[in-house]
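The structure appears below as structure tokens.
The values are calculated or read from the model by the stated rules, or taken from the named source; none is laboratory data. Since this is a predicted model, take the numbers as computed values, not measurements. Quick reminder, even Gly has a Cβ in these numbers, built from the backbone with ideal geometry, and neighbours come from all protein chains shown.
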Amino acid sequence: MEVKLGEIGTWVGGRDFTPNGMISSVRKGYERYLNKYIYVKKGGIGGLSMVLASYMVLSYVWSFDHIKHDRMRKYH
Amino acid sequence: MLSRVIAVSASGLKSSAPLGAGLVQASRSLHTSSPSLAPVPPLPEGGKVRHGIVPEEFFQLLYPKTGATGPYMLGTGLSVWLLSKELYVINHETVAAITVGTVIVLAVKKFGPSFASAMDKMEEEKSAWIEDVKDQAMVCYADAIEEEKKEQWRVEGRSMLFDAKRNNVSMLLETNYRERLHHAKHEVKRRLDYQLALQHLKVRMEKEHMVNWVEKNVVSSITAQQEQESIVKCISDLNVLAKNIQAKATA
């Protein structure tokens, strides 16, 4: 993004937080991803595999509370 | 942090962009401007992705500060930290993940290129078909333009045709007019000739009548005695003439 780290606060404040705005931002982000990685002439596996990898990571994060009982040591 | 990066880049939420270093995309405005009706530009190469899961922009982001191996060191350190703090727990699922991951990676590496080329060929055929349609349409339109130009050229000639027709009509009118003029003159002359002949006739008849009347009067005024005397005189004149001629003939 063309937003500097110091300007994050102002940038977030300027975002459109109405329901319409939030939905439209999700829609636009989705379309940006599609247009960049999928609707291209020579797309690779990256477009699909990034989605799958992020799905894997997200599901791990959500099920961490259940997985942490399989840990080998109690204190790290 | 890196997990959030990947999650963000995959789901594409714009609001978490600042920390989403992976979203440092080149300022390419793909399909964000208002659609123009001009020919659609061809699709670009597409975003580059390294090792299948990390977008190239992440590497570009870290390159100024840490060079080429920066992201790899970051990945190594991150994985070591995850394992040592057991934030990533190694259990039976890890084995399954490794197995399945290997199979998938090998399958992609083996069948990727052929699949990609087959897809490309299909795309090529489709676009060639559409191009063909477009070309045929263009040919049709070019022909139509030629025909139109020919029609316009013909229209230019039409004005000459109308001129010729107008000439014809004016000639007819002229002829008709002259004919009628001649006819009128002829009729007038006829009437005038009639009047002239009438006058001549009148004069002639008067003259003849007068001559006849004078003759009649003269003849009626000759008495019988004068007639006798004139006859005797004529005979004696004739005798003298005959004597003269006889004398001339013998002399």
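Just one of the listed residues (B:Val108, B:Val95, B:Val103) is assigned to a helix (DSSP H, G or I), under 23 Å from B:His51 (Cα atoms) and away from chain A (no Cβ under 13 Å), namely B:Val103. Residue-level analysis places B:Thr94 outside the set of residues that are modelled with pLDDT of 95 or more, under 30 Å from A:Ala53 (Cα atoms) and surrounded by 10 or more Cβ atoms within 10 Å (Cβ to Cβ). Taken as a whole, region B:207-223 holds no residue that is closer than 30 Å to A:Lys42 by Cα and not aliphatic (A, V, I, L, M).
Condition check: modelled with pLDDT of 95 or more, of a type in the set (Asp, Glu) and surrounded by 10 or more Cβ atoms within 10 Å (Cβ to Cβ). Does B:Asp237 satisfy that? So B:Asp237 does not fit the description; no. From the list B:Gly47, B:Gly75, B:Gly52, the one residue that fits, being touching a residue at least 40 places away in the same chain (Cβ under 8 Å) and in a loop (DSSP other than H, G, I, E, B), is B:Gly52.
Scan region A:1-52 residue by residue and report those that are at the interface with chain B (Cβ under 8 Å from one of its Cβ atoms) and more than 30 Å from B:Lys121 (Cβ to Cβ). A:Met1, A:Glu2, A:Val3, A:Leu5, A:Ile8, A:Trp11, A:Val12, A:Arg15, A:Ser25, A:Val26, A:Lys28, A:Gly29, listed by residue number. Among the residues of region B:201-234, the one identified as surrounded by 10 or more Cβ atoms within 10 Å (Cβ to Cβ) and not in a helix (DSSP H, G or I) is B:Ile222. Counting only residues that are exposed (fewer than 13 other Cβ atoms within 10 Å of the Cβ) and either hydrophobic (A, V, I, L, M, F, W, C) or at pLDDT 85 or above (or both), region A:25-43 holds 1 of them. A single member of A:Ser63, A:Ser49, A:Ser54, A:Ser59 is in contact with a Gly (Cβ under 7 Å, 6 or more places away or on another chain), polar (S, T, N, Q) and within 30 Å of B:Thr94 (Cα to Cα), and it is A:Ser49. Considering the conditions (1) more than 14 Å from chain A (Cβ to nearest Cβ); (2) surrounded by 10 or more Cβ atoms within 10 Å (Cβ to Cβ); (3) among the polar types (S, T, N, Q), B:Ser159 is excluded by exactly one of them, (2).
Out of all the residues in region B:57-75, is one or more within 13 Å of chain A (Cβ to nearest Cβ), under 30 Å from A:Asn35 (Cβ atoms) and within 57 Å of the chain's Cα centre (by Cα)? Yes: one or more hits.
Please enumerate the residues belonging to region A:45-63 that are surrounded by 12 or more Cβ atoms within 10 Å (Cβ to Cβ) and not small (Gly, Ala, Ser). If the condition is that a residue be surrounded by 12 or more Cβ atoms within 10 Å (Cβ to Cβ) and not small (Gly, Ala, Ser), then A:Ile45, A:Leu48, A:Met50, A:Val51, A:Leu52, A:Tyr55, A:Met56, A:Val57, A:Leu58, A:Tyr60, A:Val61 are the ones that fit.
Among the residues of region A:53-71, which ones are of a type outside the set (D, E, K, R) and either facing chain B (nearest Cβ under 7 Å) or under 14 Å from the mean Cα position of the chain (by Cα) (or both)? Hits for region A:53-71 are A:Ala53, A:Ser54, A:Tyr55, A:Met56, A:Val57, A:Leu58, A:Ser59, A:Val61, A:Ile67.
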